[in-house]
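Just below is one structure, and these are the notes that go with it.
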Amino acid sequence: MALRPAPTRRTARGVPSASRAGRRRRAAAVLWTAVCLLAAGCGGTRAQGRSHAHPRGRPPVRVGAGRLPASIAARLAPWTLAAPLSRAVVLPDGADLLVVGGLTAADTSTSAIVRIDPRTGRADRVGTLVRPTHDAAGAASGGRFLVFGGGSTTVYDLVQSFGTAAPRAATWSRLPQPRADLATATIAGVIYLVGGSDGAGLDAPVLATTDGRTFRPVASLPRPVRYAAVGALGPDLFVIGGSGGRTGRAIQRIDTRTGAAAVVGHLPFTLDHAAATVRDGALLVIGGEVDGRPSSAVWRLDPGSGRLRRVGTLPRAVAAPAVATVGRVTYVVGGEDPLPLDTVIELRVG
């Protein structure tokens, strides 16, 4: 199906899904509280224009030993975005952040490339995409930045590219087919494109590229999804949750050396529109929608058991954010609750 501009915007805006309708038929509020506790992080939703954010100022949540960091602390940055934005691509560029595309509060895709100094919050528009997009994925390769797919009123097969010196984007190449709602992860210089939709169905092939021009299939998802959280640990890709039928509870692992792919775990709740990042050897899953509601949780994936363990709490619930790490700080940029947000969260590990 074509992007409207957002393929699943109706869920974010609050049009009932099957799971939401089921919840409304539950008579007892106690049961809903139990579900939220099981989900470990159901956030507030916005009703009648008010945002029900989680309380600020919570102490760092302690986690285990071994390769885990000593602590995870999250706080709202002292600065905000110039305007609310969700479903953007955010890439680190030295000490700066590049915020590329995204969905605005007016429900339109933007073509802006904005450079932000996260130390001060200063933002400058430094470039323009060839076509406005949201629900795309991004990566750096060979001194250039690549933006894969996404869309606006239609799903793109476009790969857009720009450099630091000349941020105005150009058409770099084409994907094998249109693809939005996807994620990327990079292992040893190889960029992997995972999940997504062509507008009509879900994309099972996992594609690999080193230059953004040529793509080769390396695996096929056992359970195709879009809006999954994707991260890499060693040679393995992990695909956590995502939208697509009954697949939002699955944790999938792909061995990029052999192409073997399997479901290695199941969540006790549905999870989609979350973000993933790797810090100090731990794969963290941040925010998202838990059983259809924005979440404030930070989880760590246990790759051995295929389970998520909650290790932190964001200062507010957020779905569909973008994340990038500069130095020792991971920035959680924008997102939805359920409308686009202008907030930036600083996540410090260790």
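The values are calculated or read from the model by the stated rules, or taken from the named source; none is laboratory data. Every value quoted in this text rests on a predicted model; they were computed, and no experiment measured them. Note: ideal-geometry Cβ built from the backbone for every residue, glycine included; neighbour counts use all protein chains shown. Keep in mind that these areas ignore ligands, DNA and RNA; they rest on the heavy atoms of the full protein, side chains included. Shrake-Rupley method; radii C 1.70, N 1.55, O 1.52, S 1.80 Å.
Observations on the structure shown:
- Total residues in the range 317-342, condition more than 15 Å from the chain's Cα centre (by Cα) and in a loop (DSSP other than H, G, I, E, B): 4
- Scanning the range 215-226 for residues that are open to solvent by 20 Å² or more (accessible area, probe 1.4 Å) and either touching a residue at least 12 places away in the same chain (Cβ under 8 Å) or under 13 Å from the mean Cα position of the chain (by Cα) (or both) gives F215, P217, V218, S220, P222, R223, P224, R226.
- For the range 140-154, the set of residues classified as closer than 16 Å to G102 by Cβ and part of a strand (DSSP E or B) consists of F145, V147, F148, G151, listed by residue number.
- Of all residues in the range 80-109, those satisfying the criterion of being in a strand (DSSP E or B) and among the polar types (S, T, N, Q) are S86, T104, S109.
- Selected residue (only one of T313, T325 is of a type in the set (S, T, N, Q) and open to solvent by less than 40 Å² (accessible area, probe 1.4 Å)): T313
- Residue in the range 150-164 that is out of contact with any Leu (no Cβ under 8 Å at 6 or more places or on another chain), surrounded by fewer than 20 Cβ atoms within 10 Å (Cβ to Cβ) and free of Cβ contacts under 8 Å to residues at least 12 places away in the same chain present: no
- Filter pass, V285 being aliphatic (A, V, I, L, M), buried (at least 24 other Cβ atoms within 10 Å of the Cβ) and touching a residue at least 40 places away in the same chain (Cβ under 8 Å): yes
- For H273: the one exception among (1) within 19 Å of the chain's Cα centre (by Cα); (2) open to solvent by 20 Å² or more (accessible area, probe 1.4 Å): (2)
- Note on the range 155-181: residues that are within 24 Å of G94 (Cβ to Cβ) and not in a loop (DSSP other than H, G, I, E, B) total 7.
- Summed over the range 110-133, residues that are on the phi < 0 side of the Ramachandran plot and not in a strand (DSSP E or B) total 3.
- Number of the condition not met by V206 [criteria: (1) under 20 Å from the mean Cα position of the chain (by Cα); (2) under 19 Å from V264 (Cβ atoms); (3) surrounded by fewer than 21 Cβ atoms within 10 Å (Cβ to Cβ)]: (3)
- Pairs with Cβ under 9 Å, 6+ apart, first in the range 184-208 and more than 13 Å from T256 (Cβ to Cβ) and assigned to a loop (DSSP other than H, G, I, E, B), second open to solvent by 20 Å² or more (accessible area, probe 1.4 Å) and among the β-branched types (V, I, T): G196/V155; D198/V155; G199/T154; G199/V155; A200/V155
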